[in-house]
1. For the stretch A:97-133, enumerate the residues that are within 19 Å of A:ASP41 (Cα to Cα) and either modelled with pLDDT of 90 or more or under 15 Å from the mean Cα position of the chain (by Cα) (or both).
2. Does A:LEU56 fit the bill of being more than 17 Å from A:ARG127 (Cβ to Cβ), in contact (Cβ under 8 Å) with a residue 12 or more places away in the chain and surrounded by 11 or more Cβ atoms within 10 Å (Cβ to Cβ)?
3. Take the residues in the stretch A:63-96 that are under 23 Å from the mean Cα position of the chain (by Cα) and within 11 Å of chain B (Cβ to nearest Cβ), then tell me which one is surrounded by the most Cβ atoms within 10 Å (Cβ to Cβ).
4. Give the residue that is surrounded by the fewest Cβ atoms within 10 Å (Cβ to Cβ), with candidates limited to residues of the stretch A:1-41 that are touching a helix residue (DSSP H, G or I) at 6+ places or on another chain (Cβ under 8 Å) and closer than 18 Å to B:THR132 by Cβ.
5. Given the options A:ARG16, A:ARG30, name the one that is outside the structural domain of A:LEU140 (by the TED database) and in a helix (DSSP H, G or I).
Amino acid sequence: MGIGEHFEGVKQHWARNFAFLDYFKKVYGRDQPLPKWSDADVEEFIASDPVYGPQLKALRESRKFALGGALAGAAHLGGVAFKYSKSPHGVVLATGFGALTGAVLGSEVAEHWYELYKMDKQGANLRFIYWWEDKVSGVLMLCHLSEFGFWAV
Amino acid sequence: VLMILVLLCAGMDKYHSSTRFAPLRDAPFALRGAFGTSNSSFNNMDGLRHSSSIGQARSYTSSPLGALRQKMPPSGNRSLHTSRPLSTPVANRPLSPHLPLKKPQLSATFSISHRIFGAALGAAIISIPLATRFGVMFEV
């Protein structure tokens, strides 16, 4: 019937709109979480992948901008609140909100400095997750095979 | 006439609004000097001002109307409220109980719970775009 097809179309439309949630499912929604990677692993991936490596590197560099912005914002707004207000909770809240605003501003600066709007950030993260997945499953497979007495080359 | 006005206003309670200076009280702090220096309003400054603002007000004497010298108020240059750092309390004395005594009424309870709920809801709502924006950056 036509109405069934219509609802299928509606569902597809919303599935496309909410497709970004797949990223969270693949990263956070695993039945068995991946073993935790270190910065050295990420650096290895950045060196190995010519396309997504530099993107991931730029994404990691933008963290510094966000943290620096957070510090500057917190210091500024907290300082203003400390100077003009006598309420301690007001100073704390102002510092927190200044950190938030500063972090957003810093990340925006980084977004334009590294031209992050041109790249697929979630895609770059996913590429690393896939690479890490393959690497880890290869090691696990070697471990499991060795249990049965097989030596993989 | 100016001296009488000075003494009158110095003797008045600082929350009293006199009709002469009422527009000055409503004006934002930055514009107080802009309303003319013809009256000795700088001597009748509120206790809420800091002593630094007296120096700021004095700079207006360089304006064309600056020939009129300001008269010192009887209290001198001290402002009525000095700003204290947060570390020293205003006075080391016990306060009279208010919260343990007042019976919690529906209006007051409703109001504060509304505020608390609103703050929590605001924090929850803003956490969604924040998590989305910064999660991508800080995850790998």
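The values are calculated or read from the model by the stated rules, or taken from the named source; none is laboratory data. This structure is a prediction, so every number in the text was calculated from the model and none was measured. Ideal geometry is used to build each Cβ from the backbone, glycine not excepted, and the neighbour counts take in all protein chains shown.
1. A:LYS121, A:GLN122, A:GLY123, A:ALA124, A:ASN125, A:LEU126, A:ARG127, A:PHE128, A:ILE129, A:TYR130, A:TRP131, A:TRP132 - these are the residues of the stretch A:97-133 that are within 19 Å of A:ASP41 (Cα to Cα) and either modelled with pLDDT of 90 or more or under 15 Å from the mean Cα position of the chain (by Cα) (or both).
2. In short, no.
3. A:ALA66
4. Ranking the qualifying residues of the stretch A:1-41, first place goes to A:PHE20.
5. Just one listed residue meets the conditions, A:ARG16.
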